[in-house]
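First up is the structure itself, then whatever we jot down about it.
The values are calculated or read from the model by the stated rules, or taken from the named source; none is laboratory data. Note that this is a predicted model, so its numbers are computed, not measured. Note: ideal-geometry Cβ built from the backbone for every residue, glycine included; neighbour counts use all protein chains shown. Only protein heavy atoms, including side chains, enter the accessible area calculation; ligands, DNA and RNA are left aside. Shrake-Rupley method; radii C 1.70, N 1.55, O 1.52, S 1.80 Å.
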Amino acid sequence: APPLAAAAGTALSAAAGMSAALDSASMTAAPPPPPLAVRPQPRVWTGGRKRIRVIYTGGTMGMKPDSEGSLAPAPGFLTSKMTDDMEELRNAPMPEFSVKEYSPLLDSADFNKDDWIKIAEDIEADYFDYDGFVVITGTDTMAYAASALSFMLENLAKPVIFTGSQISFHEVYNDARRNLILSMIFASREEFGEVCIYFNETLLRGNRSTKINSFRLDAFGSPNHPALAEVGVNISPRYDLTLEPPRSAFRVHKTLDTNIVVIKVS
């Protein structure tokens, strides 16, 4: 055979042998990792405003009094507040945003692994179309959700900021407006490419946070890790605490096991 044909035949034989070896190895190999996120069409950055995806799952921030005067989920209320009433969100320094509101709205006290997976899947679906994410939930299980998502979103390179409020937007005096605005600002800052909680002038690492108070505005703390940023007259970030950018492709883990045991050492 001509040299070129012989070389091609040799290459094909080698490829076939390698394929057979791989097939044999796959019979005993561990389950494959989650697939890498594939970007269908790259979005060209034009130097304009950052784009933020707001995922509203439920919680006090968007509640209103019902017919009996008790706070209850109010579908559409928070979305309308953001798109129609909050002039500050349309200022040039603020990022552009879109809101995904869950239906029905969820009580965070009833969250389970399926709800965490849904949030992760929504972030995965929009990952390449937005520069950051704000996840609005109730406060009861926010720290658990943020911690879970920090491990589910492997090689995350964009901010995912959890927030909520102790007082609803419906009230004249509330912490909802400030928490929402600052969360959107942090979600547009690429140096915080991880899962965080923003609450009451403090940005915390998601998997180092815990709820410490149900009746004060400083509802969350991080006893074993410093805050990533604090907000006063100026924003004071701790760049020395930020994570290194990931070196591998973004992927989402969607298989969670609830069969766990807790061992307390006294």
Can you name every residue in segment 93-109 that is farther than 11 Å from Gly58 by Cα and touching a Gly at 6+ places or on another chain (Cβ under 9 Å)? Pro95, Glu96
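Is it true that some residue in segment 89-98 is small (Gly, Ala, Ser) and within 28 Å of Gly221 (Cα to Cα)?
Applying the first criterion (small (Gly, Ala, Ser)) to segment 89-98 yields 92, 98.
Narrowing further to those that are within 28 Å of Gly221 (Cα to Cα): none.
Taking every residue of segment 89-98 in turn, none turns out to be small (Gly, Ala, Ser) and within 28 Å of Gly221 (Cα to Cα).
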State the number of residues belonging to segment 193-227 that are open to solvent by 40 Å² or more (accessible area, probe 1.4 Å), part of a loop (DSSP other than H, G, I, E, B) and of a type in the set (Ser, Thr, Tyr). 1
In segment 57-73, which residue that is modelled with pLDDT of 90 or more and among the polar types (S, T, N, Q) is nearest to Lys118 (Cα to Cα)? Thr57
Tell me, yes or no, whether segment 170-181 has at least one residue that is in contact (Cβ under 8 Å) with a residue 24 or more places away in the chain and either hydroxyl-bearing (Ser, Thr, Tyr) or part of a strand (DSSP E or B) (or both). no
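Picking from Glu230, Glu190, which residue would you name as being open to solvent by 30 Å² or more (accessible area, probe 1.4 Å), assigned to a strand (DSSP E or B) and not basic (Lys, Arg)? Walk me through it before giving the result.
Working: Glu190 fails: assigned to a strand (DSSP E or B).
Glu230 is the lone residue from the list that is open to solvent by 30 Å² or more (accessible area, probe 1.4 Å), assigned to a strand (DSSP E or B) and not basic (Lys, Arg).
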Does Asp126 count as touching a residue at least 24 places away in the same chain (Cβ under 8 Å), of a type in the set (Asp, Glu) and within 23 Å of Arg251 (Cβ to Cβ)? yes
For segment 219-246 the number of residues that are under 23 Å from Ala148 (Cβ atoms) and of a type outside the set (Val, Ile, Thr) is 16
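Let me confirm something: among Arg251, Arg208, Arg238, which residue is over 16 Å from the mean Cα position of the chain (by Cα) and of a type in the set (Lys, Arg)?
On inspection, the qualifying residue turns out to be Arg238.
Per-residue answers, yes or no, for (1) in contact with a Pro (Cβ under 7 Å, 6 or more places away or on another chain); (2) modelled with pLDDT of 95 or more; (3) under 27 Å from Glu191 (Cα atoms); (4) outside any loop (DSSP other than H, G, I, E, B):
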| site | (1), (2), (3), (4) |
| --- | --- |
| Pro75 | no, yes, no, no |
| Leu78 | no, yes, no, yes |
| Phe97 | no, yes, yes, yes |
| Leu106 | no, no, no, no |
| Glu121 | no, yes, yes, yes |
| Asp129 | no, yes, yes, no |
| Val135 | no, yes, yes, yes |
| Thr139 | no, yes, yes, no |
